[in-house]
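Engineer: Sending over a structure as C-alpha cells; questions will come in a sec.
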Number of protein chains: 2
Amino acid sequence: MMNNINSSETALLDFSVWAAKKQAQIENILDSTLPPANTTPQALHRAMRYSALEGGKRIRALLCYAASELCGTDTKVTDAAACAIELIHAYSLVHDDMPCMDDDDLRRGKPSCHKQFNDATALLVGDALQSLAFEVLSQPHLCTQVDHQISMLNTLAKASGSTGMAGGQAIDLASVGKTLSQADLELMHQLKTGALIQAAVLLGGVNGDIVKTTAISVYAKNIGLAFQVIDDILDVEADSSTLGKTAGKDADNNKPTYVTILGLANAKQYAQQLYSNAINALMPFGESALRLHELAELITQRRC
Amino acid sequence: MMNNINSSETALLDFSVWAAKKQAQIENILDSTLPPANTTPQALHRAMRYSALEGGKRIRALLCYAASELCGTDTKVTDAAACAIELIHAYSLVHDDMPCMDDDDLRRGKPSCHKQFNDATALLVGDALQSLAFEVLSQPHLCTQVDHQISMLNTLAKASGSTGMAGGQAIDLASVGKTLSQADLELMHQLKTGALIQAAVLLGGVNGDIVKTTAISVYAKNIGLAFQVIDDILDVEADSSTLGKTAGKDADNNKPTYVTILGLANAKQYAQQLYSNAINALMPFGESALRLHELAELITQRRC
C-alpha cells in the first residue's frame, strides 16, 4: 500500500509529521520556559500557563522553524525565537479578549483568560508574558554572533509595539463603525497580524544572507496579509465550534473586514494572489524552502 | 552671601542642579524616543506621550545616571537605559491605574490614562510602552561590549516580569483583605517596586567591576524597600494634592502596608535603617558615589 502513495501525498505526510514534531517541541519549550505553577506568585503563573500552553496551531513557531531550515539557523537560537514569538502572540490574545477590547469569552475552545480568572489577572498575564518573551530572547550566551541576538530582540520589539501589533490593535479599535479603504485596512492588518508573522520568519531566518532575508521578507509580508484575509473569510464562513472562538464577531461589531470591503469572492481571489506572491519569492531556493512553501499552503487552505 | 553657604548646602545645591539637568535630559530623550503624536496610529501615540512625558520625579532615571557616574558607563548607553526604565515605569502606572487594578483616577496630578482616554487605549498604551522600552535598549550599535547590552536587556526583562514587577502586582492583588507577615510584605514590595529600582541602578552601573556591582546591588535593594516604606508612610500622612495621586487609597482598599504591620513609628525607624544599609554599601567609593548617596537621602526624606 505504501508504494501507492504518490510524491505529493508523501510530501503532505512529511509536512504533517514535521509540523506535529515542531508543535510538540515548542510546547515542551514553552512548558519549561514558563515558571512552574507552584512558584510564587502562583495565581499569576497558573494563569500564564493556562494562556500560553496547550493551545493553537503554533503557526508562528512553525514559520520560525521553517525559515530557520532555509537559512541554517542554530537550533537553540530558533527554539528561543519561536518561544518568544509564541509568548508575544499569547499575550496579545489575552489582552485582545479582555472586556475593554474584543470582549471575547472563548479562546482556543476554552474560556478566555479573564473569564477563567479575572480581568486584573488577565492584564498581568499579558504584561508578564510580554516581559518573558524578551527575557527568553535576551538569555546570556544564546548566539555565537551576539549582533544577531540584538537584531532579533529589536525586530521583536518593533513588531510588538505601537508601529507593530499594538499599533494595529489601536487602528482596529478606532475603525469600528467606520468605512475603511482597502489601503487603510491593509495597513491595519499589516501591523496587527502581519508584523508578528513577519517577525517570526525573520527571527527564524536570522542567519540568512541578504538574498534570503529579502526573499523571506516578501514571503512573510504576503503570508501575513493572506492569514488575515483568510481570517476574515472564516469569520463569515466557519462556526464557533470549528473556529475555537466566537464566529461572526467582526460583522457583529461592525468592523470593516476584507469580506465587507471586497466581497467574499474577491477576498478569496485576493488570498490566492497573496499566496502566489509568497510562493514566487521562494522560487530560487527550491527544496530548501519546502516547509515555508507548505506553510503558505496551510495558511491559505485552513478551515479554522 | 555666597561665601556663607556651608559645604552641606553647596552639595545640596549641586545635587538639585544635577537632578534638574538629568530630569530635563531624560524628558528630552523620552520626547524624541516616543513616536510623534501626528504619526499613525495617532490616538495611541498621543496617549503614550500623555502617559510617559511631563511626569514624575524620574527617580529611576536619576538612580540610573548616578550609578553610571560611579561605574563610568558610557553616556549613550546610560541615556538608553534610563529611557527604557522610565518607559517600563510609565507602562506600569498606566496599567496599575486601570479600573480592574487600583482604579485610580488621578496620576501625577492629572487624570490617569484610562480617564483621559479610555480603558482599551490605556491597555494598549501600557503594552506599547513596554515594547518600546525593549526596542530602545536593543537598538543596534548601542554598546561597544554587546554582552553588556544583552545583560541589560535580560535584567530589565526579569525585573518587569512575573518574578519582578508584574509578579509583585499579582501578590499585591491577592493580598487585599489578608493579613501578611512582614516577610511576605517585603517579598511583595521587593518585586513590585524594588525590582525595577534595582534594575535602574544595575543598568546604569553595567560598566562596573564585581566589587561595585555587588555594592550597588545592596544599595539598590535597600533603597528600593525604603522607597516603598516611605510610600506607605506618605499614603497615611500626605494629602492627595501634595501626593499628585489619591492619598489613603491603600488603607481604604484594606491593603496591608508597612504602617499597618509595623505601626507608623516603627515604619519610620525601618526606613531609616534601610537608608543606613544603603549608605554603608557606598562607603568604599567616597565622592564618586555622591549622587547615589544624595538620592538615598532624597528618597527617604521625600514628602510626596
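Engineer: Does the range A:196-206 include one or more residues that are facing chain B (nearest Cβ under 8 Å) and not acidic (D, E)? Quick ask: steps written out before the conclusion?
Structural biologist: Initial filter on the range A:196-206 (facing chain B (nearest Cβ under 8 Å)): none.
There is no residue in the range A:196-206 that is facing chain B (nearest Cβ under 8 Å) and not acidic (D, E).
Engineer: Can you work out which of the residues in the range B:96-125 that are assigned to a helix (DSSP H, G or I) and free of Cβ contacts under 8 Å to residues at least 60 places away in the same chain is farthest from B:N154 (Cα to Cα)?
Structural biologist: Filtering the range B:96-125 down to residues assigned to a helix (DSSP H, G or I) leaves B:96, B:113-116, B:119-125.
When the remaining residues are screened for being free of Cβ contacts under 8 Å to residues at least 60 places away in the same chain, the result is B:114-115, B:119-120, B:123.
On the way: B:H114: 30, B:K115: 33, B:D119: 30, B:A120: 29, B:L123: 24 Å.
It comes out as B:K115.
Engineer: From B:A166, B:A159, grab the single residue that is at the interface with another protein chain (Cβ under 7 Å from one of its Cβ atoms) and buried (at least 20 other Cβ atoms within 10 Å of the Cβ).
Structural biologist: Details: B:A159 fails: at the interface with another protein chain (Cβ under 7 Å from one of its Cβ atoms).
One residue alone meets the criteria, B:A166.
Engineer: If you don't mind, another one. Return the residues of the range B:202-242 that are closer than 18 Å to B:C143 by Cβ and part of a helix (DSSP H, G or I); say none if nothing qualifies.
Structural biologist: Within the range B:202-242, the first condition is being closer than 18 Å to B:C143 by Cβ, and the residues that meet it are B:202-209, B:212-213.
Selection gives B:L202, B:L203, B:G204, B:K212, B:T213.
Engineer: Residues that are over 23 Å from B:Y50 (Cβ atoms) and facing chain A (nearest Cβ under 9 Å): does the range B:100-121 have at least one?
Structural biologist: First, the residues of the range B:100-121 that are over 23 Å from B:Y50 (Cβ atoms): none.
Among the residues of the range B:100-121, not one is over 23 Å from B:Y50 (Cβ atoms) and facing chain A (nearest Cβ under 9 Å), which makes the answer no.
Engineer: Restricted to the range B:75-89, and to residues that are within 13 Å of chain A (Cβ to nearest Cβ) and among the small types (G, A, S), which residue is nearest to B:H148 (Cα to Cα)?
Structural biologist: The extreme case among them is B:A80.
Engineer: Criterion first (in contact (Cβ under 8 Å) with a residue 60 or more places away in the chain and among the aromatic types (F, W, Y)) does B:F134 satisfy it?
Structural biologist: Details: in contact (Cβ under 8 Å) with a residue 60 or more places away in the chain: no; among the aromatic types (F, W, Y): yes.
Spelling it out, it is not the case that B:F134 is in contact (Cβ under 8 Å) with a residue 60 or more places away in the chain and among the aromatic types (F, W, Y).
Engineer: Next question, about the same structure. Looking at B:I85, is it crowded, with 24+ Cβ neighbours inside 10 Å and under 21 Å from B:G168 (Cβ atoms)? Spell out how you get there, then give the answer.
Structural biologist: Details: crowded, with 24+ Cβ neighbours inside 10 Å: yes; under 21 Å from B:G168 (Cβ atoms): yes.
Yes; evaluated as a whole, the condition is true for this residue.
Engineer: What do you reckon, is B:S68 surrounded by fewer than 13 Cβ atoms within 10 Å (Cβ to Cβ), part of a helix (DSSP H, G or I) and modelled with pLDDT of 95 or more? Can you show your working first?
Structural biologist: On the way: surrounded by fewer than 13 Cβ atoms within 10 Å (Cβ to Cβ): no; part of a helix (DSSP H, G or I): yes; modelled with pLDDT of 95 or more: yes.
Spelling it out, it is not the case that B:S68 is surrounded by fewer than 13 Cβ atoms within 10 Å (Cβ to Cβ), part of a helix (DSSP H, G or I) and modelled with pLDDT of 95 or more.
Engineer: Is it the case, given these coordinates, that B:D97 is modelled with pLDDT of 95 or more, surrounded by 18 or more Cβ atoms within 10 Å (Cβ to Cβ) and in contact with a strand residue (DSSP E or B) (Cβ under 6 Å, 6 or more places away or on another chain)?
Structural biologist: Working: modelled with pLDDT of 95 or more: yes; surrounded by 18 or more Cβ atoms within 10 Å (Cβ to Cβ): yes; in contact with a strand residue (DSSP E or B) (Cβ under 6 Å, 6 or more places away or on another chain): yes.
In short, yes.
Engineer: On the basis of being at pLDDT 95 or above, more than 22 Å from B:A170 (Cβ to Cβ) and within 14 Å of another protein chain (Cβ to nearest Cβ), does A:I26 make the cut? Break it down into steps so the answer makes sense when it comes.
Structural biologist: Working: at pLDDT 95 or above: yes; more than 22 Å from B:A170 (Cβ to Cβ): yes; within 14 Å of another protein chain (Cβ to nearest Cβ): no.
No, not satisfied.
This table checks each residue for (1) touching a strand residue (DSSP E or B) at 6+ places or on another chain (Cβ under 8 Å); (2) at pLDDT 95 or above; (3) assigned to a loop (DSSP other than H, G, I, E, B).
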site	(1), (2), (3)
B:K255	no, no, yes
B:V259	no, no, no
B:S276	no, yes, no
B:I279	no, yes, no
B:M283	no, yes, no
B:R291	no, yes, no
B:A296	no, yes, no
B:T300	no, no, no
B:R303	no, no, yes
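Engineer: Mind listing just one residue for me: the one in the range A:126-154 that is of a type outside the set (A, V, I, L, M, F, W, C), more than 24 Å from B:L196 (Cα to Cα) and in a helix (DSSP H, G or I) and, of those, farthest from the other protein chains (Cβ to nearest Cβ)?
Structural biologist: Let us first name the residues in the range A:126-154 that are of a type outside the set (A, V, I, L, M, F, W, C), namely A:126-127, A:130-131, A:135, A:138-141, A:144-145, A:147-149, A:151, A:154.
With the extra rule that they be more than 24 Å from B:L196 (Cα to Cα), the set shrinks to A:144-145, A:147-148, A:151.
Filter once more, keeping what is in a helix (DSSP H, G or I): A:147-148, A:151.
Values: A:D147: 6, A:H148: 10, A:S151: 7 Å.
Among those that are of a type outside the set (A, V, I, L, M, F, W, C), more than 24 Å from B:L196 (Cα to Cα) and in a helix (DSSP H, G or I), it is A:H148.
Engineer: Of all the residues that make up the range A:169-185, how many are surrounded by fewer than 22 Cβ atoms within 10 Å (Cβ to Cβ) and either part of a loop (DSSP other than H, G, I, E, B) or under 17 Å from the mean Cα position of the chain (by Cα) (or both)?
Structural biologist: Residues in the range A:169-185 being surrounded by fewer than 22 Cβ atoms within 10 Å (Cβ to Cβ) and either part of a loop (DSSP other than H, G, I, E, B) or under 17 Å from the mean Cα position of the chain (by Cα) (or both): 6 in total.
The values are calculated or read from the model by the stated rules, or taken from the named source; none is laboratory data. Keep in mind it's a predicted model, so treat the numbers as computed, not measured. Glycine gets a Cβ as well: all are built from the backbone with ideal geometry, and neighbour counts include every protein chain shown.
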